[in-house]
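Undergrad: To start, I am sharing the structure in question, which I have written as structure tokens.
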Amino acid sequence: MTVEFTLPASLEAHEPPEARGRSRDGVRLLVSRRATGTVSHHAFGDLPTLLDPGDLLVVNTSATLPAAVRLDRISVHFSTPVPGGDDRLWLVELRRLAGKASRPYRGGSPGEWIPLPGGATLTLVGRRTERLWEARLSTDVIPFLLSHGVPIRYGYVRRDWPAAAYQTAFAYDSSTGSAEMPSAARPFTPGLVTSLVSRGVLIAPITLHTGVASPEAHEPPYAERYRVPPPTAALVEHVRSEGHRVIAVGTTAVRALETAVNASGRVTASSGWTEHIVTPEKGVRAVDGLLTGLHEPKSSHLMMLTAIAGTDLLTATYDAALAERYLWHEFGDLNLIL
């Protein structure tokens, strides 16, 4: 069973909170508590008071790539390298430009080549899914994107924003990264991180490089690159043994941690490609909570949220978010599920 609702266009965040006269952390925070079945309303800046000393936040350090290359009529969204391929063979999505927005483009054929800026050429190799192609670029992808790409933007965001608007406080390496921002961490500021650490809340990194997640697709995630480093795995186990909570910042952190759980239920150092999908049937074994944005109807992420919150609490959460006019998407408000 999944949560079903209709998202009004008026609740889509059209720009960063800074453009609305607020700070990065000036968004709202909806808190859902499974133990009591209650939902409460807060400012994101209240987060340090909502956590206990000894709790652990696990954050994604992946930087956001300028992964969209716009042409006259279409835009190419570079997603992830093809597992087992070389550095120039990537999964890409073709989108037809329509004014300030774009829609999935169903054209293209194997062997077709697309001229790109800087004299580069993209050759379509074959379809991987209905919307994704395996495609080969004539040059190295990351340097090409850093020179010619812009951040991926969908129609609900009304204008372009600089690349800095799509980086989180935890992003540390722009030489590789995510096609779309790990947006749950966007509201964190240095001041808020200082407040969390001063309260005794721990913070540990994982890395998961996300692919494109077109709002029209609603398909399960596909293979993505991840790494759970040894110190993070050890800290997760220590926090759990002490009876404190492990809270993932974003669905990407959940996916990485749950991938790293071994047969005995312990989180171990791990890296590579993950195709792990969290469902209510499988449940979660590594996390006690999730800080995340508000997700679209029919999004595969709602399965993960249901696994953590349960259907009744998640339904109450989204009913409250709609009633109180919380904002959706990467520049919107946040939900803390405990």
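The values are calculated or read from the model by the stated rules, or taken from the named source; none is laboratory data. Please read all numbers here as calculations on a predicted model, not as lab measurements. We place every Cβ from the backbone using ideal geometry, glycine too, and count neighbours over all the protein chains shown. These accessible areas exclude ligands, DNA and RNA; they are computed on the full protein's heavy atoms, side chains included. Shrake-Rupley method; radii C 1.70, N 1.55, O 1.52, S 1.80 Å.
Undergrad: Nearest 5 is fine: what % of DSSP beta bridges in the chain come out antiparallel, could you say?
TA: Antiparallel bridges make up about 70 percent of those DSSP assigns within the chain.
Undergrad: Using 0.36 nm per residue of separation minus the Cα-Cα distance, give me the extension gain between T311 and R96 in nm, one decimal.
TA: My answer for the length gained is 73.8 nm.
Undergrad: While we're here: On a C-alpha basis, how far is the centre of region 52-105 from the centre of region 258-334 in Å? Whole number, if you could?
TA: Their Cα centres are 21 Å away from one another.
Undergrad: I've got another one for you. Rounded, prolate or oblate, given the Cα gyration tensor of region 1-134, with a/c below 1.5 counting as rounded?
TA: Prolate shape, in that a/c is at least 1.5 and a/b is the bigger ratio.
Undergrad: Additional query: Would you please give the residues with an amide H less than 5 Å from that of S270, counting only those at least 5 places away or on a separate chain, with H modeled from the backbone geometry?
TA: Answer set, sorted by chain and number: V228.
Undergrad: Divide, for region 186-271, the radius of gyration over alpha carbons by 2.2 N^0.38 Å, where N is the residue count.
TA: 1.23
Undergrad: Where does region 299-338 land on Rg/Rh, using Cα atoms and the Kirkwood Rh?
TA: For region 299-338, the value is 0.95.
Undergrad: If amide H atoms are built 1.01 Å from N in the plane of the peptide, which residues on other chains or at least 5 residues away come under 5 Å of the amide H of V125?
TA: G111, E134, A135, R136
Undergrad: Radius of gyration and Dmax for region 154-226's Cα atoms, expressed in Å?
TA: My reading of the Cα-based Rg and Dmax gives 14.7, 42 Å.
Undergrad: Moving on. Compute the FRET efficiency between A323 and T268 as 1/(1 + (r/R0)^6), taking r as their Cβ-Cβ distance and R0 = 35 Å, and round to the nearest 0.05.
TA: 0.25
Undergrad: Starting from the coordinates of the alpha-carbon atoms of the chain, obtain the Kirkwood hydrodynamic radius over all distinct pairs and give the value in Å to one decimal.
TA: This gives a value of 20.5 Å.
Undergrad: State the percent of C-alpha pairs, over all pairs in region 148-307, separated by a distance greater than 25 angstrom.
TA: Roughly 32 percent, once rounded to a whole number.
Undergrad: Past the 22 angstrom mark, what percentage of all C-alpha to C-alpha distances in region 80-222 do you count?
TA: Looking at region 80-222, the distances longer than 22 Å represent 48 percent of pairs.
Undergrad: Please report, in whole Å³, the volume per residue of the convex hull around the C-alpha atoms of region 68-148.
TA: In region 68-148, the Cα hull volume divided by residue count equals 87 Å³.
Undergrad: If you don't mind, there's one more thing I want to ask. Could you check the spin-label model distance between W161 and E18? Points 7 Å from the Cα along Cα→Cβ, value in nm.
TA: Placing both labels 7 Å along Cα→Cβ, they lie 0.8 nm apart.
Undergrad: Carbon and sulfur atoms: what percent of the 1.4 Å accessible area of the chain do they account for?
TA: Taking all protein chains in place, the chain shows 51 percent carbon and sulfur surface.
Undergrad: Would you mind working out the accessible area per residue for region 140-254, using a 1.4 Å probe, and quoting it in Å²?
TA: 40
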